[in-house]
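Derivation of every value follows stated rules applied to the coordinates shown; laboratory data play no part. The shown structure was predicted, so the numbers you read here are calculated from the model rather than taken from an experiment. Cβ coordinates were reconstructed from backbone atoms using ideal geometry, including for glycine residues, and neighbour counts include every protein chain displayed.
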Amino acid sequence: MDVQDIDFEELYQGTTPIGRKMPWDLGAPQPAVVALADAGEFTGEVLDIGCGLGDNSAFLASRGVHVTGLDGAPSAVEQARTRAPGVPFAVADATKLEGYEGRFDTVLDSALYHCLTEDDRRAYLAALTRATRPGATLHLFCFSEDVPDGFPAPYLISEANLRETVGKNWTIERLEPAVYTTSMTAEELRQSVRVVLGEEPGGLTGMDTDADGRVLVPVWRLKAVRSTP
C-alpha cells in the first residue's frame, strides 16, 4: 500500500490496516501549536484547517480563541464534535473553502499541506487567500525533506516549494526547521509501517523522541502574512 493512496475517511473510520491509532492522534493538542498559543499567535477569527479529530481546535477554544475546525473527512468531523462539543466543526474541501470568503484572521495548518498534491497545494493556498482577510496570519507545519526513509509521509516538502507556493499571495515572515510530535513510540511506528507495507521498514532507526518516548518528526514551521490587495 502506497501512503499517498490512503483514504483519510477510511483512516478515521478505522478500516485501514493500521486500525484506529493514527500517528497524529495525540488525544491532546500538538505541542508545537501550544507553543504558538503561548506566544499569542492566534487572534481574531481562527481557522483550523485539516482539523482532524479536533484536539487543536478544542485547545484553542479553551484559551478563549474563536476557532472553526474544517476537515474533508466526515468521520473526522463527527468524532471532533464528540471530543469538543460547542466548537464549530464542518466538512469542507480545503482546496475550495466555499462559503468562507473573507472570514478568518488567523489560519492553523497543522500537517495538512504535505497531504496534498502539488496542484491541490496551489488551489489550497488560493482558497486560503479568499477565505481570509487582508493581513491575516498563516501558521503552517509540514514534513520536510529531512524526514527519514521509511516514515509514512504522503509528500516531503522543500523550502523552495513553500517559498514559491505560499509566497505568491503571502509574505513569509518565518520559515525554519522544527519538530512535530507523533502519537507513537519508535516500535509502534515501525509496527504500523510493517502492517501498511507488508514488509520490514527501513530507515526508521535512531529517530528523536520526546520525554514520553513519542517519535519527533522533522517539519517546516512557517509563519506568513496575507498580502494586502
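Taking the Cα of Leu216, stepping 7 Å toward and past its beta carbon, and measuring to each backbone N in the range 28-51: which are under 19 Å? So the set is 28-39. Here the label points at Glu145 and Thr171, each 7 Å from Cα along the C-beta direction, are separated by 2.8 nm in the simple model. Model label sites at Thr82 and Thr209, defined 7 Å from Cα along the beta-carbon direction, differ in position by 2.9 nm. Charging the Cβ of each Asp and Glu at -1 and of each Lys and Arg at +1, and nothing else, the dipole of the chain about its Cα centre rounds to 760 debye. The residues Thr165, Thr185, Thr132, when put in order of fewest to most other Cβ atoms within 10 Å, stand as Thr185, Thr165, Thr132. The length gained on full extension between Arg163 and Arg194, counted as 0.36 nm times the residue separation minus their Cα-Cα distance, comes to 7.7 nm. For the range 91-229, the C-alpha radius of gyration divided by 2.2 N^0.38 Å, with N the number of residues, is 1.16.
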